[in-house]
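All remarks here apply to the structure that follows.
The values are calculated or read from the model by the stated rules, or taken from the named source; none is laboratory data. It should be emphasised that the depicted structure is a prediction, and the values quoted were computed from it without experimental measurement. Every residue, glycine among them, receives a Cβ derived from its backbone with ideal geometry; neighbour counts consider all protein chains shown.
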Amino acid sequence: MTVADLPPRGDIGAPIQQQVNPSGTDVAGAYYIEYAYRDTHTPNMVAVVLADYRAFDTLGEVIVVFAGAIGCFFILRRRT
Amino acid sequence: MNTSNIPVLIPAVFMFAALLVPLVGLWKKSLSIYPALLGSLLAAWFSASGLMSTIEHGPISYHLSGWVPPLGIEYILDPLSAFICLVITSISTIVIFYSRSIVRFETPEKEMPFYALCMLFLMGLTGMVMTGDFFNLYVFLEISALAGYALIAIGDKRAPVAAFKYLTLGTAGAAFYLLGVSFIFISTGTLNMGDVASVIHLVDHTVPVMIGLSLIVLGTGLKMAMFPMHAWMPDAYTYASSAATALIAPIGTKVSAYVLLRIMFDVFEPSYSAGELPLAQIVGYLGAIGVIWGSILAICQKELKTMLAYSSVAQVGYIGIGIGLASPLGFIGAVLHILNHACMKACLFLISGSMRFRLGHSWIPKFENSLRITMPWTAVAFVVAAISMIGLPPTAGFFSKWYLALGSIEQGAWIFLIVLLVSSLLNAVYFFRIIEKMYIRPQSEEMIKAQDQDGTPVWGRKEAPWSMLAPVMLLATLLIVLGIFNVWIVTNFIEFMIPIGL
Amino acid sequence: MKSQTDSPIIEVAARGLAPVIQLIGIYVFFHGHYGPGGGFQGGVLLAAGVLLLRMAVGFENSQVQVPSRKTLILCSVGALIFAGTGLVALLMGGNFMDYAHLPVPGMEAADIRYYAILFIEIGVTMAVMTALISIYDDLLGT
Amino acid sequence: MLELLKGHYAYFFLMLLFVIGLYAMMMKKNLMKKIMGMSMVQSATIMVWIVAAFKHGGTVPILDRSIPVDNPDLYINPLPHTLMLTAIVVAVVTLGVSFALVISIYRNFKSLDEPTILKRMK
Amino acid sequence: MQWQIEFLLFVILIIAALVALGIRNLLAAVVTLTIFSFMAALIMIYMGALDVGFTEAVVGAGVVGIFNVVAIFKTSRKSCD
């Protein structure tokens, strides 16, 4: 029953859809929508967030893929 | 290099080392250890200088991609994270230095992926320690977990089964963590830890936040092998190869304990996670049960590595007790135990590796007093580490238990005190059993006969090569040094780490 | 799957279909700035093309496209392109991954970011494509 | 009650899926079935974030010249989408490693059935 | 908003999950899992997450399917439960 206390789906008043937090900092989502094109001249906001604002996450993602490849190599390949 | 770049440089050094190992290793296999060794030395240097600078000038906040924290990812170097990073990097340097011949012996032809996975594992751990962002923590958790699954899967014939168990439980833990983070994200609208800390008091009475925190604790507890969730650990540590175990066992679970400390006391206020929701108390009592349970099961084991794995369950329980006390003394005990236990476990697992390398087994009923003749220095190191595990005064292990005991007396938590005393006795039982076999039990007929046929003198003949002996002796010395200087460590480093409000 | 399939229809179909899939992959990769897509999806599609060939015409005959000895090296080179871009930004005085500090003369910061995103996506594509092929080769055990 | 159901039914379905996946991970005996349960757990977690990002009246987070960006209510939140892209990649790679482990287990024990494997481990 | 369609998608998603776990033939289970993945992608696209839905479709139908089939090919095809 915990999900019943979450904000309903699609609610514009939910905390993640605000522009400013109660503590005065910007909420990331609204900032990305507003400034993504101005900062990078790229229309696809998801690509901007992926490759610029949170680039280190994406680097981690690539490293995860690399770790998977190396891991399978380590587990299965019997001769090089 | 500017000190302000240190927070990102520690994981980045490991990352570049991991990416360089295949390039070097596919060209010439025997060279693949050098990028790994160089990388971990460099990272150790960075974390030492980071610790010094953060004690002098205060915490450093690093903005990745140059965006201000709630927008970009933030890395934080404060005394606690720098200290844990220093522990990780120095232990890993020692273990990688040790691993050179044993990797060639136990997993032949696979040096290149082994060292690449080591570097990825360490990158994940240091990233988890440094990060100030909930989702970035998840990514690094998965990097270290994936490397860990693969490292554990090679070794004994039964190792893949253990690794599969670890994989299912670890993935479930990561999914719990991600679900918990999603609840907190939906309730607060931000992922940055500092930002969450500043708005959490507005929403922390709502059910999703409570459930979210509980799910995070559950997921991290799975990774940390807290008592009811420890099922993956003994098998995994027993069947994996010695070098992999020596790398994963001392530091892998400790980082999850650090994450728990961070989230419960830094992001959420201690009065919330230890008062309003009794999560810290639950962690403490589960830790107490785990201490007793792990110690009792360790007594029943016949294989040295399994015994050490069960004793790891017990030692993680001590950290749980330190969290459960939710007081400055408990915090000091937990952090000091992270350091001490990393050194002790690394030392013991390295010794079991040396035994496998020279004797071909680490089966306790086959130990006898020829060990003290054939491997004298290793036996001495084992005694020092065992004394430290039991917790006798001159060694490091005593002092973390001492702080935990002081904390539980201060809180009036007598159950924890009793658990600490009883567990020391149980530790004594299972370690003295081995020491007795090592020093007193006479040689069996077959062994003497075999040596006679060999005809060569056996005195000190089978001691491990110096590249394996030196790390073991270094760790054993370190245990005594840490024990002597523990007050200096606590007053100069750990005092700065205690979170506000504890 | 190890040997060549008996049916020529499958082989012809796979040989005809694989370049189309890879073309779509390249389109998805370059169109990532303007629509759904980007490095990861493009890489997966490129890998899917190669995997289709590996399944249909056999392991030995599909070495021409991506030799399986080179996959791990290419994967780490792809990740190094990504990480190296960040490192260059660090050495030029910015923070790690701060593309505005990349040494490209005569461009404003937003445009540098635009091209830097494209550049790092090349690394992502390379790494993902070769890693997936490498995992497939290892699973098949040759 | 109906209002609650209409706003939250996605969450209820996803929790159900999460529990089904967990059940499969714990109770199924075949290793491949365990892996399937694992991927269901991950899918459920991913979709919780996606559902949370949704906005009534919002469009997809790709810049449309005719819709002004000054009002963030007109675009769906792009942050959870980005995060879940990473999570999907992680899920796929975990799946790959688990298949490698399964194949390795099958080489050693010639079975994928958990009780049989445990019996042969002795 | 036609929420009935989405409700139907969710119901199919759950049914596909249950069927995939129930079938004894692993190859059939993999096919059902692909349906599951496709439904998940449709739901994501319905929620406006084009990138995620696209990725899920590419990955779930393409790569994961291939890996599943290879794993079953290298091991056994029958499941006891």
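Here is a yes/no grid of residues against (1) among the polar types (S, T, N, Q); (2) closer than 20 Å to C:Leu132 by Cα:
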position	(1), (2)
C:Gly58	no, yes
C:Gln63	yes, yes
C:Ser68	yes, yes
C:Thr71	yes, yes
C:Gly84	no, no
C:Ala89	no, no
C:Gly94	no, no
C:Asp98	no, no
C:Pro103	no, no
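Only a single criterion out of (1) surrounded by 24 or more Cβ atoms within 10 Å (Cβ to Cβ); (2) over 21 Å from B:Met344 (Cβ atoms) is not satisfied by B:Asp235, namely (1). If the condition is being more than 21 Å from B:Ala240 (Cα to Cα) and of a type in the set (Gly, Ala, Ser), then segment B:344-391 contributes B:Ser370, B:Ala379, B:Ala381, B:Ala385, B:Ala386, B:Ser388, B:Gly391.
Here D:Ser66 meets each of (1) in a helix (DSSP H, G or I); (2) over 20 Å from the mean Cα position of the chain (by Cα); (3) of a type in the set (Ser, Thr, Tyr); (4) more than 10 Å from chain A (Cβ to nearest Cβ) with one exception, condition (1). Annotation note: Cβ proximity below 8 Å between a residue of segment B:29-50 that is within 10 Å of B:Phe14 (Cα to Cα) and a residue that is aromatic (Phe, Trp, Tyr) and surrounded by 24 or more Cβ atoms within 10 Å (Cβ to Cβ) (sequence gap 6+ or interchain) occurs for B:Pro35/B:Tyr115; B:Ala36/B:Tyr115; B:Gly39/B:Phe14; B:Ser40/B:Phe14; B:Ala43/B:Phe14.
Which of the residues spanning segment B:167-207 are in contact with an Asp or Glu (Cβ under 8 Å, 6 or more places away or on another chain) and away from chain A (no Cβ under 11 Å)? Listed by number, the residues that qualify are B:Ala174, B:Met193, B:Asp204. Of all residues in segment A:36-47, those being within 8 Å of chain D (Cβ to nearest Cβ), part of a helix (DSSP H, G or I) and surrounded by 24 or more Cβ atoms within 10 Å (Cβ to Cβ) number 3.
Residues to consider are D:Ala52, D:Ala10, D:Ala100; find the one that is at pLDDT below 90, facing chain A (nearest Cβ under 7 Å), part of a helix (DSSP H, G or I) and closer than 28 Å to A:Ile63 by Cβ. Even if it seems obvious, please write down each step before you answer.
Numbers: D:Ala10 fails: closer than 28 Å to A:Ile63 by Cβ; D:Ala100 fails: at pLDDT below 90.
Going through D:Ala52, D:Ala10, D:Ala100 in turn, just one is at pLDDT below 90, facing chain A (nearest Cβ under 7 Å), part of a helix (DSSP H, G or I) and closer than 28 Å to A:Ile63 by Cβ: D:Ala52.
Of the helices (runs of 4 or more DSSP H) lying entirely inside chain E, those containing at least 2 residues that are closer than 21 Å to C:Gly25 by Cβ span E:26-46, E:50-57, E:64-74. For segment D:69-88, filtering for residues that are of a type in the set (D, E, K, R) and assigned to a helix (DSSP H, G or I) leaves 1. With respect to the conditions (1) more than 15 Å from the chain's Cα centre (by Cα); (2) within 25 Å of D:Met47 (Cα to Cα); (3) more than 9 Å from chain D (Cβ to nearest Cβ), A:Ala55 falls short on a single one, namely (1).
Checking E:Ile35 against (1) surrounded by fewer than 18 Cβ atoms within 10 Å (Cβ to Cβ); (2) within 30 Å of A:Gly10 (Cα to Cα); (3) at pLDDT 90 or above; (4) in contact with a helix residue (DSSP H, G or I) (Cβ under 7 Å, 6 or more places away or on another chain), which single condition isn't satisfied? Single failed check for E:Ile35: (1). All told, D:Thr59 meets the bar of being more than 9 Å from chain A (Cβ to nearest Cβ) and either surrounded by fewer than 17 Cβ atoms within 10 Å (Cβ to Cβ) or over 17 Å from B:Leu191 (Cβ atoms) (or both).
For segment B:99-112, filtered to residues that are within 10 Å of another protein chain (Cβ to nearest Cβ) and touching a residue at least 60 places away in the same chain (Cβ under 8 Å), the residue that is surrounded by the fewest Cβ atoms within 10 Å (Cβ to Cβ) is B:Glu109. Checking each residue in segment A:1-23 for being over 20 Å from B:Phe134 (Cα atoms), assigned to a helix (DSSP H, G or I) and either more than 7 Å from chain D (Cβ to nearest Cβ) or in contact with a strand residue (DSSP E or B) (Cβ under 7 Å, 6 or more places away or on another chain) (or both) picks out A:Thr2, A:Asp5. Could you tell me how many of the residues in segment B:113-129 are more than 10 Å from chain A (Cβ to nearest Cβ) and more than 14 Å from B:Met15 (Cα to Cα)? Qualifying residue count, segment B:113-129: 1.
For segment C:103-137, a residue qualifies if it is within 8 Å of chain A (Cβ to nearest Cβ), crowded, with 24+ Cβ neighbours inside 10 Å and either part of a loop (DSSP other than H, G, I, E, B) or not aliphatic (A, V, I, L, M) (or both), and the qualifying residues are C:Glu121, C:Thr130, C:Ser134.
For segment A:24-35, a residue qualifies if it is surrounded by 21 or more Cβ atoms within 10 Å (Cβ to Cβ), within 8 Å of chain D (Cβ to nearest Cβ) and farther than 19 Å from C:Met97 by Cα, and the qualifying residues are A:Gly29, A:Ala30, A:Ile33.
Here B:Ala413 meets each of (1) under 16 Å from B:Ala288 (Cβ atoms); (2) buried (at least 21 other Cβ atoms within 10 Å of the Cβ); (3) within 26 Å of the chain's Cα centre (by Cα) with one exception, condition (3). Is segment D:79-92 home to any residue that is in contact with a Gly (Cβ under 7 Å, 6 or more places away or on another chain) and touching a residue at least 12 places away in the same chain (Cβ under 8 Å)? Yes, segment D:79-92 contains at least one residue that is in contact with a Gly (Cβ under 7 Å, 6 or more places away or on another chain) and touching a residue at least 12 places away in the same chain (Cβ under 8 Å).
Only residues that are surrounded by fewer than 22 Cβ atoms within 10 Å (Cβ to Cβ) and among the acidic types (Asp, Glu) were counted across segment B:168-215, and they come to 1.
Which one of B:Ser327, B:Ser312 is surrounded by fewer than 24 Cβ atoms within 10 Å (Cβ to Cβ) and modelled with pLDDT of 85 or more?
B:Ser327
Across segment B:68-117, the qualifying residues are those that are of a type in the set (D, E, K, R) and assigned to a loop (DSSP other than H, G, I, E, B), and the one among them that is modelled with the lowest pLDDT is B:Glu109. Scanning segment C:76-102 for residues that are closer than 23 Å to C:Met129 by Cβ, touching a Gly at 6+ places or on another chain (Cβ under 6 Å) and either in a helix (DSSP H, G or I) or touching a residue at least 60 places away in the same chain (Cβ under 8 Å) (or both) returns C:Gly78, C:Ile81, C:Phe82.
For residues in segment C:25-56 being surrounded by fewer than 19 Cβ atoms within 10 Å (Cβ to Cβ) and in a helix (DSSP H, G or I), which is farthest from the chain's Cα centre (by Cα)? Reasoning before the result, please.
Our first condition is that a residue be surrounded by fewer than 19 Cβ atoms within 10 Å (Cβ to Cβ); within segment C:25-56, this holds for C:26-27, C:30-31, C:34-35.
Narrowing further to those that are in a helix (DSSP H, G or I): C:26-27, C:30-31.
On the way: C:Ile26: 9, C:Tyr27: 12, C:Phe30: 12, C:His31: 14 Å.
Among them, the one singled out is C:His31.
Any chance segment C:94-101 includes a residue that's more than 10 Å from chain B (Cβ to nearest Cβ) and either aromatic (Phe, Trp, Tyr) or under 23 Å from A:Ala69 (Cβ atoms) (or both)? No, the conditions are met nowhere in segment C:94-101.
Filtering segment B:43-70 to residues that are within 14 Å of chain C (Cβ to nearest Cβ), closer than 19 Å to B:Ile84 by Cβ and touching a helix residue (DSSP H, G or I) at 6+ places or on another chain (Cβ under 7 Å) leaves B:Phe46, B:Ile60, B:Tyr62. Among the residues of segment E:43-81, the ones that are at pLDDT 90 or above and more than 14 Å from chain C (Cβ to nearest Cβ) come to 1 in all.
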